[in-house]
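S.K.: Mind having a look at this structure? Questions to follow.
The values are calculated or read from the model by the stated rules, or taken from the named source; none is laboratory data. Keep in mind the model is a prediction, meaning the values are calculated, not measured. Here the Cβ is made from the backbone with ideal geometry for all residues, glycine too, and neighbour counts use every protein chain on show. Keep in mind that these areas ignore ligands, DNA and RNA; they rest on the heavy atoms of the full protein, side chains included. Shrake-Rupley method; radii C 1.70, N 1.55, O 1.52, S 1.80 Å.
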Amino acid sequence: EALVVSDLLKQMYRLYDFVDQNNLNTDLLVLAYLIDLRVYKHTADIEKSLFILPEVLVLIEEEEILKINNANYFNLLYEVAEVYFWKEKYDKSLLYLDKTMQLKRDHTQDMMEHLLRTLVYMAENRAEEAQKLAVDIRQTILLHRTQSHYATLFANFVGRFYNVKTQHEKIDICRDYLLFFETTAAYKADAYYVDMLRWLKQQIATLEAQVA
C-alpha cells in the first residue's frame, strides 16, 4: 500500500499540469460553490449563503470564469440570483438573471430563468409582466415539448392567481397549487422545485396575515 501511495504521489504533477492546462482550477472552484449554495438552499440557510456570497461574486468577475463550462457558469449566476431573491433584493436578483441571458442557454435553462424572474415580478407586484412571462413559459413548453410538471403547474397558477380579486380566493388558489406541487414531488429534482414550494408557503402566510 505504501508503494501505491508513493507511485500516486510521483504522478501528482501530471494531474496538476492537466488542471492548469484545462482551466480546471476555476471549474472546480465553481463546482464547490455550487454545492455549497445548493445545500444551503435546500436547508433554507440563507445566512450561510450570504456569508459565502462575497467570495462567489469575486469569482464571477474574474476573466477566467468566461472559459469554464457554460452550464456551470449559468448555474452559478442562477444560484446568486436565487440568494438575492430570498433576501428580497429583487433588483440584484434581476441583475444576475439578466447576466444569464448573455449566455448560450438550453430550453431547461430558459425555463429556470423565466420561472425565477416570474417570482421576482410577483414579489414586486408587477402583475402584467408576471402574466406575460407565464404565457411565454406555456409557449416554450408547447414549442419544445418540454416535460416540466412544475413549469406547467406554475404557469397555470400565475394565470389563476391574477384572475381572482379577493385575498381569500388568492389564499385558496395558493393552497390548491401547493398541494399540487407537493403531490408531484417525484419531480423535485427540477432546479426550481425548492423555489416554488417555499414561495407558495411564504405567500400563503403573508396573505393569511393580511386578512387576519
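S.K.: Just subtract the alpha-carbon distance of HIS168 and ASP98 from 0.36 nm times their residue separation and send over the number in nm, one decimal.
M.R.: 21.8 nm
S.K.: Find how many whole Å separate the alpha carbon centroid of segment 34-78 from the alpha carbon centroid of segment 86-161.
M.R.: 20 Å
S.K.: Which of the lysines could be linked to LYS89 by a straight reach, that is with a Cα gap under 28 Å, when you skip same-chain ones fewer than 8 residues away?
M.R.: LYS41, LYS48, LYS99, LYS104, LYS132, LYS165, LYS170, LYS188, LYS201
S.K.: Once you place label points 7 Å from the Cα toward the Cβ at LYS89 and LEU31, how far apart are they in nm?
M.R.: 2.8 nm
S.K.: How large is the accessible surface per residue of segment 45-164, computed with a 1.4 Å probe and reported in Å² as a whole number?
M.R.: Roughly 51 Å² per residue, with all protein chains present.
S.K.: Which FRET efficiency value, to the nearest 0.05, is calculated for VAL58 and GLU124 with the Förster distance at 35 angstrom and r the Cβ-Cβ distance?
M.R.: Once the sixth-power term is evaluated, E becomes 0.80.
S.K.: Once you list every other residue whose beta carbon is under 12 Å from the beta carbon of VAL135, what net charge do they have if Lys and Arg are +1 and Asp and Glu are -1?
M.R.: -1
S.K.: On to the next question. Give, in nm to one decimal, the length gained when the segment between GLU208 and VAL39 is fully stretched (0.36 nm per residue of separation minus the Cα-Cα distance).
M.R.: Value of the extension gain: 57.9 nm.
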